[in-house]
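Structure, as structure tokens:
Read-outs throughout are calculated quantities, based only on the coordinates presented, and are distinct from any laboratory measurement. Keep in mind it's a predicted model, so treat the numbers as computed, not measured. So basically every Cβ, Gly included, is an ideal-geometry build from the backbone, and we count neighbours across all protein chains shown.
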Amino acid sequence: MVTDGELSLVAVPRGSMRWVQEMFVALDAGDISRFLCYLTPDVRFRLGDTPAFHGYEQLRPGLTHFFTLFTSTRHGLTGLWQDGNSVIVEAEVTYTRLDGWEVSIPVVHLLRLRAPEKIADYRVFHDLSPVFA
């Protein structure tokens, strides 16, 4: 077990990354309840330069609002790396805007795990400005 300040983390078994793809399927389906199953109840979730959400009670309404900004999202995974308790996901994310236009941008997700397939710290690095231009 690794300790990072208040966050206790463990390494996940190598070779079992299918859950990452399944998590993004849930996210792209807008199935917030299923998406939350991949996160710890006290998850720290930060989207770009916005303040972090802490726990399901903050994250659920935040994601619900985020999904009202688009008709849909589609994550095309282009890279996946694991080192101990950290998983890095590189993706090309296509956002379908409310006006029907599709805009794709590169996104990196940093997932820090407390247990196998349970994300305790989720960070998204992207620039959404092209989506809203």
- Within the stretch 34-49, backbone nitrogen closer than 19 Å to the virtual label 7 Å beyond the Cα of Q58 toward Cβ: 36-49
- Task: For the chain, find the longest principal axis of its Cα atoms and tell me its angle to the long axis of helix 56-67, 0 to 90°, nearest 10.
- Result: 30
- Find which of T73, V20, H109 sits farthest along the positive direction of the dipole of the chain, computed with +1 on the beta-carbon of Lys and Arg, -1 on that of Asp and Glu, about the Cα centre. V20
- Could you check the simple spin-label distance between R34 and W101, using points 7 Å along Cα→Cβ, in nm with one decimal? 3.0
- Between the DSSP loop rule and a limit of at most 11 other Cβ atoms within 10 Å, which GluC sites (Glu not before Pro) in the stretch 84-133 are left? none
- Message: Under a Cβ-only charge scheme (Lys and Arg +1, Asp and Glu -1), can you give me the dipole magnitude of the chain about the Cα centre, in debye to the nearest 20?
- Response: 240
- Message: Can you tell me how the stretch 25-80 classifies by the Cα gyration tensor, rounded, prolate or oblate, using a/c under 1.5 as the rounded cut?
- Response: rounded
- Query: What is the local net charge at L69, summed over the other residues whose Cβ is closer than 13 Å to its Cβ (Lys, Arg +1; Asp, Glu -1)?
  - Reply: 0
- Message: Can you report the principal axis dimensions of the stretch 2-132 using only the alpha carbons, biggest first, rounded to whole angstrom?
- Response: 45, 30, 24
- Name the long-range amide H neighbours of T71: under 5 Å, sequence gap of 5 or more, or other chain; modelled H, no Pro or chain starts. T96, R97, L98
- Message: Give me the dipole magnitude in Debye, nearest 20, for the stretch 86-129 about the Cα centre, with unit charges on the beta carbon: positive for Lys and Arg, negative for Asp and Glu.
- Response: 320
- Item | Calculated [θ] (222 nm, deg cm²/dmol) that DSSP helices of n ≥ 4 give over the chain, each run adding -39,500 (n - 2.57) | -6500 deg cm²/dmol
- Final fewest-first order of D127, D28, D121, D99 on the 10 Å Cβ neighbour count is D99, D127, D28, D121
